[in-house]
Amino acid sequence: MTNVIDPNAIPTTDASAGWQPDPKHPRRRPPWIKVRAPHGENYERVYDLMRGQKLHTVCEEAQCPNLGECWGRGTATFLMMGDTCTRSCGFCDIKTGRPSPLDWNEPNRVAESVRTLNLRHVVITSVNRDERPDGGAPIFAMVIRRIRQLQPGCSIEVLIPDFKGNESALKIVMDAQPEILNHNVETVPRLFRKVQPQDKYEWAMKTLENAKRMDPLVLTKSGIMVGLGETFDEVVEVMRDLAQREVDILTIGQYLQPSVKHLPIERYYTPDEFDRFKEIGLELGFKWVESGPLVRSSYRADLQVRGLSKLNYIHMRPAVEQE
């Protein structure tokens, strides 16, 4: 199997060599974590489009540190089914509560935005909608099919909930045939109850395993946060679990605390440690590994698709007929 290494990955530097945590400010950010402020013409264009279409992005709702870089390149991750989640994960800045009814016209507005931006790759995610037995899976299927109608040739990545392990809900999504099916495991089994109390490690692994079984041509993807109290070896064990389930793409990034109400940062991993995660991931057989302090699930997703397309790993689905 040919492994792909992103040429733009964060290189090994000496930034961590002389840095030590400050005992008085143990969670002060180290010098290798620098967030680019949002600016530029493309950023303004994406911002105006999202407001005009009354759409949400996970970039904003989750305070992603890469918002400026990604929006500056004209890319964004659409957040569907509202801005209120039924779960209360300790790391996430998306608000928790009782969500509004689903907006069944939302898939059309998202697809129209994809066409307006002339995207060649799009990432779609959502809040959890546990009040529904199907978890909102039909919305994912609708937006996939509508994007294929309005923007043929655009590859589609969906970052889905675990649907509480509901295989019927997952099948609704898989029948729409996304190019990439992403579900983040987020953390190690020992910390699951602390980090995401309404989730289960088994649900995450089954979601990825079943997706590949339902559609062998789909690329599966998952992500891990570090810095929540796990050990290096525990992260590697999760990586092994994902590799055993034939997950193709892996992202690993540093957890950054959104506010004092969220889980604290237990420690910062160094650039060298992220490089080591990448080496191990490629040795385990992942087709692509993004590993770095500011890496998030959708970070450089467009570059991943371009690289994997060159090796014929991306199986583009045909456009669907207008209904």
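Coordinate-derived values only; no laboratory data. From a predicted model like this one, the values you see are computed outputs, not experimental measurements. Reconstructed Cβ throughout: ideal geometry from the backbone, glycine too, with neighbour counts over all protein chains shown.
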*Under 13 Å from the Cβ of Pro189, count the other residues' Cβ atoms, weight Lys and Arg +1, Asp and Glu -1, and hand me the total.*
-3
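Of the listed peptides 168-178, 244-254, 86-96, what is their order by residue-averaged count of other C-beta atoms within 10 Å, with the highest listed first?
Going by the mean number of other Cβ atoms within 10 Å, highest first, we get 244-254, 168-178, 86-96.
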*Label point distance in nm, Glu246-Arg98, each placed 7 Å from Cα along Cα→Cβ*: 4.4 nm
*With a 10 Å Cβ neighbour count serving as the proxy for reagent exposure, in which order, fewest first, do Thr220, Thr187 appear?*
Thr220, Thr187
*Going highest first, how would you order 228-236, 280-288 by mean Cβ packing within 10 Å?*
280-288, 228-236
*Remind me, relative contact order of the stretch 171-323 in percent, using alpha carbon pairs under 8 angstrom and six or more residues apart?*
24 percent
*Long pairs among Lys221/Lys261; Lys171/Lys200; Lys200/Lys221, criterion Cα-Cα beyond 25 Å*: Lys221/Lys261
